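> After the structure tokens below, expect a handful of questions from me.
The values are calculated or read from the model by the stated rules, or taken from the named source; none is laboratory data. Everything numeric here is computed off the predicted structure, so don't read it as measured data. When we count neighbours, we look across all protein chains shown, and the Cβ atoms used for this are built from the backbone with ideal geometry, even at glycine.
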Amino acid sequence: MQFTQIRNATLKIDYAGKKFLIDPWLAEKGAVPGFGGTINDHIRNPTAELPMPVCEIVDADAVILTHDHPDHWDETAQQAIRKDIPFFVQHEKDAQTIRSAGFSDIRVMDENTRFEGITLIKTPGQHGRPKVLEDMKALLGEVSGVVFRHPDEKTLYIAGDTVWCQAVGDSLKKYHPDVVVLNSCDAQVIGNESIIMGKQDIYEVYKAAPEATVIASHMEAVNHATLTRKELCEFLSEKAMTQRVLVPEDGETYSF
């Protein structure tokens with residue numbers, strides 16, 4: 001297995017001989033306004049450049065979209081990705097979004113989706129604490145993660161846009177992943193309400209998966225990110241977590 005951090009939640013995963021592109025957000029730095037309803041919405045997005053050419057990023061065998069929020073899927077990606085690529089989504093609503101962009105091979109994931117001998121398992125998530133979910137249900141919507149399994153590979157769990165919650169804990173117990181990818185910049189909406197994982201959430205995953213390597217993704221690329229790589233690394237050092245928690249720079253690759 002090979003993991004490459006592109007930018008934000010955009011990843012390239014080489015797994016059992018196939019290349020997966022996850023949550024492609026490919027706009028140039030500063031191309032779009034900050035996200036309304038979030039903190040620091042005066043800052044334009046993305047806040048970081050892509051670490052490699054778009055043509056290299058979209059060289060993939062399949063795409064997985066955990067959900068269709070605008071920092072996970074954009075017009076640049078729509079135009080750059082070949083329209084006949086196998087495209088995995090969480091439900092029919094997102095399938096329609098991708099279909100309307102001209103893609104022809106859309107597949108809705110379930111708990112036993114197969115692709116070229118690889119099992120893809122859709123997992124649930126929670127895009128914020130109960131209060132913010134209630135207040136901003138229409139904006140935050142449904143989210144998902146995905147578990148990768150293959151007899152010749154370690155098990156990979158990409159949690160997606162979620163906070164630490166029962167659903168994440170259940171997925172860790174059920175699938176026993178060897179590698180766990182967490183969206184970790186503690187993005188916040190107005191009112192300082194977190195909608196993805198921050199330091200304490202990462203710590204909870206670390207404790208709940210004592211044999212897994214944890215990767216902190218979705219860092220330093222959106223206006224509403226409140227946790228920097230530097231601050232997270234300091235926290236990991238204080239908690240003696242650095243041996244099992246990795247904080248990749250954009251463009252960095254790990255092999256497992």
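> Looking at Gly169, Gly191, Gly160, can you tell me which residue is farther than 18 Å from Ser217 by Cα, part of a loop (DSSP other than H, G, I, E, B) and not aliphatic (A, V, I, L, M)?
Working: Gly169 fails: part of a loop (DSSP other than H, G, I, E, B); Gly160 fails: farther than 18 Å from Ser217 by Cα.
Selected residue: Gly191, the only one of Gly169, Gly191, Gly160 that is farther than 18 Å from Ser217 by Cα, part of a loop (DSSP other than H, G, I, E, B) and not aliphatic (A, V, I, L, M).
> Residue by residue through segment 132-165, note down the ones that are more than 22 Å from Gly36 (Cα to Cα) and free of Cβ contacts under 8 Å to residues at least 24 places away in the same chain.
The answer is Pro151, and nothing else.
> State whether one or more residues within segment 248-256 are among the β-branched types (Val, Ile, Thr), in contact with a Lys or Arg (Cβ under 7 Å, 6 or more places away or on another chain), farther than 27 Å from Glu134 by Cα and surrounded by fewer than 21 Cβ atoms within 10 Å (Cβ to Cβ). If you could, list the steps in order and put the result at the bottom.
We begin by selecting, within segment 248-256, every residue among the β-branched types (Val, Ile, Thr); these are 253.
Narrowing further to those that are in contact with a Lys or Arg (Cβ under 7 Å, 6 or more places away or on another chain): none.
Within segment 248-256, none of the residues are among the β-branched types (Val, Ile, Thr), in contact with a Lys or Arg (Cβ under 7 Å, 6 or more places away or on another chain), farther than 27 Å from Glu134 by Cα and surrounded by fewer than 21 Cβ atoms within 10 Å (Cβ to Cβ).
> Right, something else. Could you list all residues from segment 178-193 that are surrounded by fewer than 21 Cβ atoms within 10 Å (Cβ to Cβ) and of a type outside the set (A, V, I, L, M)? Lay out the reasoning, then the answer.
From segment 178-193, those surrounded by fewer than 21 Cβ atoms within 10 Å (Cβ to Cβ) are 178, 190-193; that's our starting set.
Scanning segment 178-193 gives Asp178, Gly191, Asn192, Glu193.
> Also, quick follow-up: Just give me the residues in segment 104-138 being under 14 Å from Asp68 (Cα atoms) and either in contact with a Phe, Trp or Tyr (Cβ under 8 Å, 6 or more places away or on another chain) or surrounded by fewer than 16 Cβ atoms within 10 Å (Cβ to Cβ) (or both), in sequence order.
Ile106, Val108, Ala138
> Something else about it: Is it fair to say Tyr175 is surrounded by fewer than 19 Cβ atoms within 10 Å (Cβ to Cβ), among the hydroxyl-bearing types (Ser, Thr, Tyr) and touching a residue at least 24 places away in the same chain (Cβ under 8 Å)?
yes
> For segment 1-31, give me the residue count where each residue is surrounded by 23 or more Cβ atoms within 10 Å (Cβ to Cβ) and touching a helix residue (DSSP H, G or I) at 6+ places or on another chain (Cβ under 8 Å).
Here the count works out to 6.
Each row is one residue, and each column tells you yes or no for (1) part of a strand (DSSP E or B); (2) in contact (Cβ under 8 Å) with a residue 60 or more places away in the chain.
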{"site": "Met197", "(1), (2)": "no, no"}
{"site": "Glu204", "(1), (2)": "no, no"}
{"site": "Pro210", "(1), (2)": "no, no"}
{"site": "Leu227", "(1), (2)": "no, no"}
{"site": "Cys233", "(1), (2)": "no, no"}
{"site": "Thr242", "(1), (2)": "no, no"}
{"site": "Gly251", "(1), (2)": "no, yes"}
{"site": "Tyr254", "(1), (2)": "yes, yes"}
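> So which of Ala240, Ala208 is in contact with a helix residue (DSSP H, G or I) (Cβ under 6 Å, 6 or more places away or on another chain) and either over 18 Å from Cys185 (Cβ atoms) or of a type in the set (D, E, K, R) (or both)?
Of the residues listed, the single one that is in contact with a helix residue (DSSP H, G or I) (Cβ under 6 Å, 6 or more places away or on another chain) and either over 18 Å from Cys185 (Cβ atoms) or of a type in the set (D, E, K, R) (or both) is Ala208.
> Restricting attention to segment 13-45, which residues are within 22 Å of Thr97 (Cα to Cα) and either hydroxyl-bearing (Ser, Thr, Tyr) or assigned to a strand (DSSP E or B) (or both)?
Phe20, Leu21, Ile22, Val32, Asn45
> So, Glu142, is that one under 16 Å from the mean Cα position of the chain (by Cα), among the acidic types (Asp, Glu) and either modelled with pLDDT of 95 or more or farther than 24 Å from Cys55 by Cβ (or both) or not?
On the way: under 16 Å from the mean Cα position of the chain (by Cα): yes; among the acidic types (Asp, Glu): yes; either modelled with pLDDT of 95 or more or farther than 24 Å from Cys55 by Cβ (or both): yes.
Yes.
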